[in-house]
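This report concerns only the one structure given below.
The values are calculated or read from the model by the stated rules, or taken from the named source; none is laboratory data. Owing to the predicted nature of the structure, the values given are computational and were not obtained by experimental measurement. Here Cβ is always computed from backbone atoms with ideal geometry, including for glycine, and neighbour counts include all displayed protein chains. Ligands, DNA and RNA are excluded from the accessible area calculation, which covers all protein heavy atoms including side chains. Shrake-Rupley method; radii C 1.70, N 1.55, O 1.52, S 1.80 Å.
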Amino acid sequence: MAIEKNTRQLDEGIVQDFSSRMSYASYLQLPVLLSAQQPVSQPVHHDELLFIIQHQTTELWFKLVLHELRSAAGWLRTDELGAALKAIARVKHIQKTLTEQWSVLATLTPTEYAQFRGFLGSSSGFQSSQYRAVEFILGNKNSKMLPVFDSDPEAKAMLEELLHAPSLYDEFLAYLHRQGFAVPPTLLERDVTQAHQFEPALVPVFKHIYEHAKENWAAYEACEELVDLEDNFQLWRFRHLRTVQRTIGMKGGTGGSTGAAFLEKALELTFFPELFAVRTEIGK
């Protein structure tokens, strides 16, 4: 049917009575979700809503990232590589969205942020338990982070669980071992509560996979997926740093950190160092 007066007619079958049916709003808990933005500035500053939504949406994406990475680790444990890579592929798309989100927050000028920053008290993104959990599951374990969550037993329990669980990389290396690759025994028996550190003896394993990609395609593809994962994470870290520098310069963070200087150090952290080191060796 042609549209008249620029007004679309509703299809006859469209449900309109939700007195006894589940609606879009009830399924998504929209009354709860949309009432969760509670500015604290007095008087309420126009840009605080942007600041809150930016961080709330980030936390929602982190929740999905954790869901997918936990599942990927579990699938690697049972040698279901295809399912694990599907979950990692989804995480990669989420990472791109998270990185692009910084451009929205970057529209907040230093003058605008300064007008409500003082109302944030000691709250800081440093205290994001889900962000820390993502780092832990990818292998950047750091037990010194746990006391920050003493006042939040549920968050601390989650992080302690991940601290003592094998990381995604640990599970991948164990998978390679079960497939017959010569993964150093020290890595299979390491203390998983510690951050993974560069192991030179692992580089030849990856060199063999890369130089014989056709014969080891599944492992080869998995290696590249992990490289993508780390690349994306580092891009997120970099955009975070640049957004902070753009907004507050070199001021200290609200949570007591040194701010941009502290974030810059995170760029030196790595998840899968051997997968990057092997690139120097390929073709030699």
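Using equal-weight Cα scatterers in the Debye expression, the normalised intensity of the stretch 1-69 in log10 at q = 0.17 Å⁻¹ is -0.86.
Put simply, the Cα atoms of the chain extend 67, 57, 38 Å along their principal axes, the longest span coming first. Computed over the stretch 119-165, the P(r) tail beyond 12 angstrom holds 59 percent of alpha carbon pairs. Taking the helices alone, the chain has a mean residue ellipticity at 222 nm of -18000 deg cm²/dmol, built from -39,500 (n - 2.57) per DSSP H run of at least 4 residues and averaged over all its residues. Mean projected area of the Cα convex hull of the stretch 205-257, taken over all directions, amounts to 5.4 nm².
Translational diffusion coefficient, Stokes-Einstein: compute it for the stretch 144-193 using the Kirkwood radius over C-alpha pairs as Rh, at 20 °C and 1.002 mPa s, and state it as an integer in µm² s⁻¹. Result for D is 173 µm²/s.
Quick check on the stretch 45-120: take the gyration tensor over C-alpha atoms, sort the square-rooted eigenvalues as a ≥ b ≥ c, and tell me if it's rounded (a/c under 1.5), prolate or oblate. In terms of gyration-tensor shape, prolate.
For the stretch 71-170, the square roots of the Cα gyration tensor eigenvalues, ordered a ≥ b ≥ c, give a/c of at least 1.5 with a/b no greater than b/c, which places it in the oblate category.
Looking at the stretch 82-130, what % of the alpha carbon pairs are farther apart than 16 Å?
In whole percent, the long-distance tail amounts to 65.
Protection proxy ranking, highest mean first, for peptides 256-266, 29-39: 256-266, 29-39, where packing is the per-residue count of other beta-carbon atoms within 10 Å, averaged.
Classified by the C-alpha gyration tensor, the stretch 1-129 has an oblate form. Its axis ratio a/c, with a ≥ b ≥ c, is 1.5 or above, and a/b does not exceed b/c.
Per atom type, the stretch 130-284 shows carbon and sulfur on 54% of its accessible surface, probed at 1.4 Å. Restricting the chymotrypsin sites (Phe, Trp or Tyr not before Pro) of the stretch 1-89 to loop positions (DSSP other than H, G, I, E, B) with no more than 12 neighbouring Cβ atoms within 10 Å leaves PHE18. Computed over protein heavy atoms with a 1.4 Å probe, the accessible surface of the stretch 31-138 works out to 51 Å² per residue.
A convex hull fitted around the alpha carbon atoms of the stretch 134-249 yields 135 Å³ per residue.
If the chain linking ALA195 and GLU215 were pulled fully straight, counting 0.36 nm for each residue of separation and taking away their Cα-Cα distance, it would gain 4.1 nm.
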